[in-house]
Structures are given as C-alpha cells and as structure tokens.
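This report refers to the structure that appears directly beneath it.
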Amino acid sequence: MPLITYIEHNGREHKVEVPLGHSVMQGAVDNAIPGIDADCGGECACATCHVFVDPAWLGRTGTPDAQEKSMVSFASTAQANSRLACQIQVTAALDGLVVRMPEAQH
Amino acid sequence: MLGATDHPAWTTPLAALDPSHPGLFQADEMWPYFARLRRDAPVHFAESPFFGPYWSVTTWKDIVQVELNPQAFSSDSGFGGISIRDRPKGLELPMFIAKDPPKHDEQRKVVQPIVAPGNLARLQDLIRARVCHILDGLPRGETFNWVEHVSIELTVQMLATLFDFPFEDRRKLSYWSDSATSLPQAGGLVDSEATREAIFAECLGYFTGLWNQRVNAPPQPDLISMLAHGEATRNMSPREFLGNLILLIVGGNDTTRNSISGGVLFLHQNPAEFAKLKADPSLLDSAVPEIIRYQTPLAHMRRTALVDTELHGQRIRAGDKVVMWYISGNRDETAIEAPDRFLVDRKRARQHLSFGFGIHRCVGNRLAELQLRILWEEILRRFPRIEVVGEPKRVFSSFVHGYTDLPVRIPA
C-alpha cells in the first residue's frame, strides 16, 4: 500500500499506509490523524479536509475541478498548493506523497 | 399515546401532508412528518397556507445534491431567497447568502477573515471571561429563563464584539434579529411588514452611523470596517447594506443562541450522557457538534429551481421552490447511525447538516463551536447539573428552530 506522510501544522509527522482507491482524506480519518475534520464525509462540500500538497508531488495529484476550487477559495488559509484531501485518490504513483495541514479547518 | 402508525403524520394522504406549518415546530410535533416523508416520499410536493407551493427535500443524500448544484438551485433574493417564506414584492432583501456566484463569493470573502484561525484564537480568552462572568452571576436554587439570562446574553455580547458595536446598546442586536425572523402570524414582535420595515429603518440608521465612522478610519478587524473597506461591499446600496447586516446579525445570533439552549435541554433529558460528559470533558470534541446536529437551529434552507430538473425521480420545474430540510436530513437513518439518540460520544459527530454544505456553508461554524465549547467547559467546572424545571416554549417558525423560554434551576 502507498505510504503517505501527513504533517500537522505543529510539525508532527504521521506516516501511514493507505489502500489504493481510498482518498487521502480517508487515510487520515481511518488512522485518527488530527488536523483533518472531513465534516461532509468526502463530498467536496465543506473544505474541512484542506491540505497543502508538497510541491514535489503537485504534478502527480492531478488538478482540482471547479467545485473543489470554489470550496478551497473560501478558506482563509488557502495557498497555490491547496487541495481537498477527499478529492485526491490514492494510486501507486502517490507512494511517498507528503501533505501538510493548515492551522485549522473551517 | 398514539402508536407510530396511528399518528396523523402516518395516516394523512401524502398529497395533503405539509411539514412546513410553523405550529408543528412550535409544538415540537414535526418529527414524525419528516420520518414519513423520508420513508414514503423523500422529495415531496405540498401546498402551504403560509408559504404557497413548495418541494420538500428530506434525506441527507438529496440535500447534499441540491447544495452542490447552485447552477440549478438558486439562492437569489430576487427569486425569494433562502427561506421558505417569500419576502413581499418590493421588499426583497439582497444579502450575500441570498446571491449566487460570483457576487456571493466576492462579498463572502470580504467578511470571511473575521473567523480565520488567528482571529478565533484571539477571541478565546474574551469569550471565556464573558462566559465565566455570566455563569457566576446566575442565581442558585431558584428558577430562571436560561434563554434570556445566558443564551441571548452570551451571543449578543459576541456579536457586539464582531461588529465593534457599542456594548451598552447590544440588546438592540437581538431585537433586530428577532424582528427580522418573526412571522406576523406569530402574534409577537412584528405584526405587519410595515412594522418590520420601520424596525429595519432604525437598524439601518444606527449602522450607517457606524459605517461613516469606520469608512473614514483605517481598516480594522471588525465586520463593519471590513464591509466599508471591502472591494465587493464598499459601494453597496443602503438596502444591500441592510440585507447583509441582517444576515450577519441573524447568522451570528439566533443560531448559536438556540444551540446553547438546546444543549441544556438535551443534557437534562439524557442524564446518562450528562454523566459521561461530566466524567470526561474531553468528550466535548463530539458533544458540541452533537448538540448542533440534534438542535439544527435553522430547520431548513430554501432554493429556487432555475431549470427543469429531476431529483429522486421527481420532476422539478424552473421557478419551483425547493426546501432542504436540514432538520430531517440530520435524522436520516441511512446517513447517521441511531439518529434520534443524543450521544455525547457519537463517532464522526461532525458529519451533520446544521451548517449546510457547499458554497453557502456557514461562515461562522467554528466560532459557534468555540462558544459552545467554552460555555460547556465552564458549566462542567461549576455546576453539578442544570435542571430543566418546566416545559420549554418554542418559536412559531419552520425556519428558526429555537426557544423563547427554558425554565431552569441550578441546585443551590
């Protein structure tokens, strides 16, 4: 299973294996990693699984669709590498992916 | 007591079923009507003597589908806005919650920084000091109205801070909020639209004074200054300024107020849950969102169909009024396990519809949670329990789901 590194805002790292086909959000929730709230359960409808994709991985995580872009745009912590973790599907190509979390989800 | 299937909610022909009657909510009797609709007609058409023809959307999945499709389901005040009751023609109230993209997005982004993580962190100590002050001033061993003494007081204090509003005049905020949402038929604050407009004029006049101060001063982190300096809001018409004020006042006031009252009621009704929370206050992580789910302080949001569309097998036509009943979706057994139970340690308690989903999701959701969390931390620290000693009185409304009276007693 691909290994994904989640880094909390305070710098704490969590390395977990996430099954293929799951979302990066599910990987965090299933492993009780703090910092990802996922209020809507993965519908791209709340923007509380907001992460910053490590720049080295941006080419492999795909591009956000219009709905995701619109939801992310309301987060005051948004940056150019912002994504919603529920919209990133885990594939073999993402083995080693690093994502960081914002100060808070809202 | 009537058996489940003898209740009128289960025996009335579907075509005659109207879950929107404000009297049902005031009597707390709407629950079986929504259970029936979720089972038998999840997307359902009805005629209301108060609100005219409308569709009810009652399940979690269908509600999310409507939320995520603002292209087909508009929030625009020009079509009637975001509540089941159309404002009278000529008295529309433009505000960003009742706009579609791009205007909604632009105006929302002006006020969004008020709830940014850094600002919330800055507000924490102030909220705690106020909560402690209010709780320490409550009588012991005698009956008082929790709504008046705690729920309203705490939320208007918060709102006054967010607006940088003169503190001694803060009760004007709850007065304007209640005036904006009262139905003339309720026999309360507002007996006609003319009365409401007169109260609105007073509200607009007061805030225009604040606007004029702020627009000529450097930008400050309060809502009026943000609106006065924001690119998308600084040239609003007076009516649009009023609309956005009413949005921020009602949004920051009524909702948290009723979740504060609801939490006291639910923890009284569920003593085993209160005992769990008392033994382990860290359960507030889930208890706070559970209170917000269980209360659902706004029972619905409304949209207007812009195009003919199909939803759960029903043909909705352009121009139809579509009501997403959050209060029903939050009790949808296909989305939430044992939804009728109030559980302070519920798994994934944050998955509820009370804040809405999609682009109109509640701006203040984390501030609401912060206020409730601090309040309950301090209640648990001080009081052995809060007893509800009489029947709560509820609001005559199918939009604002809340209380006017909650008689309580804190043991001496």
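Where a number appears in this text, it was derived from the coordinates with a stated rule and is not lab data. For clarity, every value in this text was computed on a predicted model and none was experimentally measured. Ideal geometry is used to build each Cβ from the backbone, glycine not excepted, and the neighbour counts take in all protein chains shown.
Show me, for the range B:124-129, the HN-Hα J-couplings you get by feeding each phi into the Karplus relation (A = 6.51, B = -1.76, C = 1.60, θ = phi - 60°), rounded to Hz, glycine and proline as x.
3, 5, 5, 4, 5, 4
How large is the dipole of the range B:337-377 about the Cα centre if only Lys and Arg carry +1 and Asp and Glu carry -1, each at its Cβ, rounded to the nearest 20 debye? Write down the numbers at each step before the final one.
Values: 8 positive and 5 negative charges, 32 e Å.
That gives the range B:337-377 a dipole magnitude of about 160 debye.
Within straight cross-link reach of B:K278, meaning Cα distance under 20 Å, which aspartates and glutamates are found once same-chain residues fewer than 8 apart are removed?
Candidates past the 8-residue exclusion: B:D136, B:E290, B:D345, B:E369, B:E377, B:E378, B:E387.
Set Lys and Arg Cβ to +1 and Asp and Glu Cβ to -1, take the dipole of chain A about its Cα centre, and tell me which of A:P55, A:F74, A:Q89 lies farthest positive.
A:P55
From Cα coordinates alone, what are the radius of gyration and Dmax values for the range A:3-100 in angstrom?
Values for the range A:3-100 (Cα only, Rg and Dmax): 12.0, 32 Å.
Calculate the FRET efficiency for B:T5 and B:S282 from the Cβ-Cβ distance with a Förster distance of 41 Å, rounded to the nearest 0.05. Could you put the intermediate results ahead of the total?
Details: r = 42 Å, r/R0 = 1.02.
So, using R0 = 41 Å, E works out to roughly 0.45.
Show me the ranking of peptides B:45-53, A:34-42, B:96-104, A:66-74 by mean Cβ neighbours inside 10 Å, starting with the highest.
Highest to lowest by the protection proxy: A:34-42, B:96-104, A:66-74, B:45-53.
Looking only at other chains, what is the average number of their beta-carbon atoms within 10 angstrom of each beta-carbon in B:360-367? Walk me through the numbers on the way to the answer.
On the way: counts 1, 9, 2, 2, 1, 4, 5, 1.
Taking the mean over all residues of the peptide, I get 3.
Once you have the Cα-Cα distance between B:L91 and B:N235, take 0.36 nm times their residue separation minus that, and quote the gain in nm to one decimal. Let's see the in-between values first.
Working: separation 144, 0.36 × 144 = 51.84 nm, distance 2.01 nm.
Result for the pair: 49.8 nm of gain on full extension.
Would you mind getting me the FRET efficiency between A:K69 and B:K61? Use the beta-carbon distance for r and R0 = 30 Å, nearest 0.05. Walk me through the numbers on the way to the answer.
On the way: r = 24 Å, r/R0 = 0.79.
Here the calculated transfer efficiency is 0.80.
Which far-off residues, 5 or more places away or on another chain, put their amide H under 5 Å from the one on B:Y403, with H placed in the peptide plane?
Close amide H contacts, sequence-distant or interchain: B:V395.
I need to check one value: relative contact order of chain B, counting alpha carbon pairs closer than 8 Å and at least 6 residues apart, in percent. Please report the intermediate quantities before stating the final value.
Numbers: 646 pairs, mean separation 105.3, N = 412.
Here the relative contact order equals 26 percent.
Return the long-range amide H neighbours of B:S398 (sequence gap of 5 or more, or a different chain), with a cut-off of under 5 Å between placed amide H atoms.
none
For the protein assembly as shown, with the dipole built from +1 on Lys and Arg beta-carbon atoms and -1 on Asp and Glu ones, taken about the Cα centre, which of A:G35, B:F200, B:C362 lies farthest toward the positive end?
Result: A:G35, furthest along the dipole toward the positive end.
Using r as the Cβ-Cβ distance of B:T12 and B:F50, and R0 as 25 Å, what FRET efficiency do you calculate, to the nearest 0.05? Numbers along the way, then the final one.
On the way: r = 17 Å, r/R0 = 0.70.
Between B:T12 and B:F50 the formula returns 0.90.
Which whole-number percent is the relative contact order of the range B:278-361 (Cα, under 8 Å, 6+ apart)? Before the final figure, lay out each step's value.
On the way: 106 pairs, mean separation 31.7, N = 84.
38 percent.
Placing +1 at every Lys and Arg Cβ and -1 at every Asp and Glu Cβ, with all other atoms neutral, what dipole size does chain A have around its Cα centre, in debye to the nearest 20?
Values: 6 positive and 12 negative charges, 48 e Å.
With Lys and Arg at +1 and Asp and Glu at -1, about 220 debye.
Whole-Hz Karplus ³J(HN,Hα) for the range B:357-367, in order, using 6.51 cos²θ - 1.76 cosθ + 1.60 and θ = phi - 60°, x for Gly and Pro?
Whole-Hz 3J(HN,Hα) from phi for the range B:357-367: 10, x, 5, 9, 3, 3, 5, x, 4, 6, 5.
Go through the range B:89-98 residue by residue and turn each phi into a ³J(HN,Hα) via Karplus (6.51, -1.76, 1.60, θ = phi - 60°); whole Hz please, and just put x for glycine and proline.
These are the phi-based 3J(HN,Hα) values: 4, x, 10, 4, 10, x, 7, 6, 5, 9 Hz.
Take the alpha-carbon centre of the range B:190-234, take the same for the range B:125-178, and report the distance between them in whole Å.
The range B:190-234 and the range B:125-178 have Cα centres separated by 22 Å.
Based on the Cα coordinates of chain B, what is the per residue volume of their convex hull in Å³? Before the final figure, lay out each step's value.
Values: hull volume 57.8 nm³, N = 412.
Dividing the Cα hull volume of chain B by its residue count gives 140 Å³.
Taking the Cα centroid of the range B:238-268 and of the range B:327-369, what is the distance between the two, rounded to the nearest whole Å?
That distance is 17 Å.
In percent, how large is the relative contact order of the range A:52-106, given Cα pairs closer than 8 Å and 6 or more residues apart?
Working: 41 pairs, mean separation 31.1, N = 55.
Once divided by the residue count of the range A:52-106, the mean separation gives 56 percent.
Across peptide B:63-71, how many C-beta atoms of other chains are within 10 Å of each residue C-beta, on average?
Values: counts 0, 5, 2, 0, 4, 6, 1, 2, 0.
That average works out to 2.
Lone cysteines in chain A, going by a 4.7 Å Cβ-Cβ cut-off?
Singleton cysteines: A:C44, A:C49, A:C86.
When ranked by the protection proxy of mean other Cβ atoms within 10 Å per residue, highest first, what sequence do the peptides A:6-13, A:85-92 form?
Values: A:6-13: 13.9, A:85-92: 19.5.
The densest-packed peptide leads the list: A:85-92, A:6-13.
What is the protein assembly as shown by shape, rounded, prolate or oblate, if you read a ≥ b ≥ c off the alpha carbon gyration tensor as root eigenvalues and call it rounded for a/c under 1.5, prolate for a/b larger than b/c, and oblate otherwise? Walk me through the numbers before you get to the answer.
Numbers: a/c = 1.20, a/b = 1.18, b/c = 1.02.
It is rounded, given that a/c, with a ≥ b ≥ c, falls under 1.5.
With a 10 Å radius around each residue's Cβ, average the other Cβ atoms per peptide and rank B:59-72, B:322-335, highest first. Don't skip to the answer; put the middle values down first.
On the way: B:59-72: 20.4, B:322-335: 23.3.
Going by the mean number of other Cβ atoms within 10 Å, highest first, we get B:322-335, B:59-72.
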